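Asker: First, the structure itself, so that you have it in front of you.
Quick note: the coordinates plus some simple rules give every number you see, no bench work behind them. Values in this document were obtained by computation on a predicted structure and should not be read as measured data. Heads up, the Cβs are rebuilt from the backbone with ideal geometry, glycines too, and the neighbour counts pull from every protein chain shown.
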């Protein structure tokens, strides 16, 4: 298949069909539409394609489902706990690292803080996966082959 770049008129027709031309640019283009039947046919074809695409596209994810999930106590709890543990682990490791600049032996601190950071990261990943799984049925692109 030999694809070519769209011409300037085709780009203008696309912009007009998408409602992107404003003011004098739109008025000038509409004057051209009245005078150039080929250009008017191009715009009509683009508008037909828009209607077809709108009817062929799957429904968008529903905002109310995202909002319901965001209000879910379980989801908020996972995010909060994940950030709390992750933040405590990172801040603790940073403080311990600064303190260890003066000491030569490691103590119990990293043994506690590293698992906290790992647990926090795991909770954050878990919360993200949970959100994805819970909203997957609303994803219009899950059946699209790339």
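Asker: Expressed in nm to one decimal, what extension gain is obtained for the pair residue 137 and residue 26 from 0.36 nm per residue of sequence separation less their Cα-Cα distance?
Answerer: Taking 0.36 nm per residue and subtracting the Cα distance, the gain is 35.9 nm.
Asker: Going 7 Å from the Cα of residue 81 toward and past its Cβ, which residues in the range 119-135 have a backbone nitrogen under 15 Å from where you end up?
Answerer: Of the residues in the range 119-135, 119-131 have backbone N under 15 Å from the label point off residue 81.
Asker: Find how much the distance from residue 70 to residue 56 grows on full extension, using 0.36 nm per residue of separation minus their present alpha carbon separation; answer in nm with one decimal. Let's see the in-between values first.
Answerer: On the way: separation 14, 0.36 × 14 = 5.04 nm, distance 2.95 nm.
So the extension gain works out to 2.1 nm.
Asker: Mind computing the radius of gyration and Dmax over the alpha-carbon atoms of the range 8-56? Å is fine for both.
Answerer: 10.9, 34
Asker: Once the Cα gyration tensor of the range 1-91 is diagonalised, what are the square roots of 5 times its eigenvalues, in whole Å and ordered largest first, as equivalent ellipsoid semi-axes? Working shown, then result.
Answerer: Details: eigenvalues 482, 56, 44 Å².
Over the Cα atoms of the range 1-91, the semi-axes work out to 49, 17, 15 Å.
Asker: I need the calculated FRET efficiency for the pair residue 122 and residue 63, taking r as the beta carbon distance and R₀ as 35 Å, to the nearest 0.05. Present the calculation step by step, with values, prior to reporting the outcome.
Answerer: Numbers: r = 29 Å, r/R0 = 0.83.
FRET efficiency, residue 122 to residue 63: 0.75.
Asker: Please arrange 116, 52 by counting, for each residue, the other beta carbons lying within 10 Å of its beta carbon, fewest first.
Answerer: Neighbour counts put them in this order, fewest first: 52, 116.
Asker: Separate question: Please rank 62, 14, fewest neighbouring Cβ atoms within 10 Å first, as an exposure proxy.
Answerer: 62, 14
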